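Some notes on the structure that comes next.
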Amino acid sequence: MYYIYLSADQKMPQSIPVHNLVSTGASLCTARQFTSFAGAVDNEEAHRHNYYEILFFTGGNGKHMIDFETHALQSTTLHFISPGQVHALNRERGVDGYVVNFTKEFLIVHGGDVSVLNDFPAFNKIVFPILKTAPNDFEDLVNLVKQMSLELAKTSPLKEAVLVAYINLLLTK
């Protein structure tokens with residue numbers, strides 16, 4: 001049996017909305033830092049994605065509901081969200097980190113190896129969707145995300161191929 005704990009100002013939606021990476025005007029791949037916000041709490045509604053998402057938490061407190069199981073946010077952890085998974089991130093002030101989003105289509109169109117998604121345990125519910133890493137390993141992964149963010153700002157005709165290589169490297173590491 002699963003329980004969803006909502007704060008007093010949250011309501012369970014009648015149907016769970018699907019967020020589309022394309023409809024936001026973003027590329028089919030994004031990598032960016034997210035930082036603390038001005039309010040005391042930032043509560044998301046439960047939703048799904050049509051894309052993959054990897055969250056890198058560097059600090060702060062909060063809860064992340066993934067497939068109706070609630071997990072505390074911890075520093076040096078990665079949270080993996082697959083297309084179609086239900087999740088809601090509830091951050092308290094001070095939550096910092098990075099996020100990488102990409103679609104399967106992005107990998108296919110730009111010559112990526114889609115089998116990396118099929119073989120990746122956290123995206124296939126073979127293992128727990130949260131990975132606690134050693135601080136040094138976490139820093140290496142964050143540096144890759146920073147490089148992706150810099151690549152996204154470029155106008156190189158090979159930008160997408162480089163981003164696909166970074167995604168493969170992130171998942172391999």
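Considering only protein heavy atoms and a 1.4 Å probe, what is the carbon-and-sulfur percentage of the accessible area of the range 42-143?
So the carbon and sulfur contribution to the accessible surface is 49 percent.
Specify whether the C-alpha gyration tensor of the range 62-107 places it in the rounded, prolate or oblate class, a ≥ b ≥ c being the square roots of the eigenvalues: rounded for a/c under 1.5, otherwise prolate if a/b is larger than b/c and oblate if not. Taking the square roots of the gyration eigenvalues as a ≥ b ≥ c, the range 62-107 is oblate.
Per-residue Karplus couplings for the range 162-173, computed as 6.51 cos²θ - 1.76 cosθ + 1.60 with θ equal to phi - 60°, are listed in order as 5, 4, 4, 4, 5, 4, 4, 5, 4, 5, 6, 5 Hz, Gly and Pro entered as x. Taking every protein chain into account, the accessible area of the range 116-173 amounts to 59 square angstrom per residue (probe 1.4 Å).
The values are calculated or read from the model by the stated rules, or taken from the named source; none is laboratory data. On a predicted model such as this, the values are computed, not experimentally measured, just so you know. What goes into the accessible areas is simple: the full protein's heavy atoms, side chains included, and nothing from ligands, DNA or RNA. Shrake-Rupley method; radii C 1.70, N 1.55, O 1.52, S 1.80 Å.
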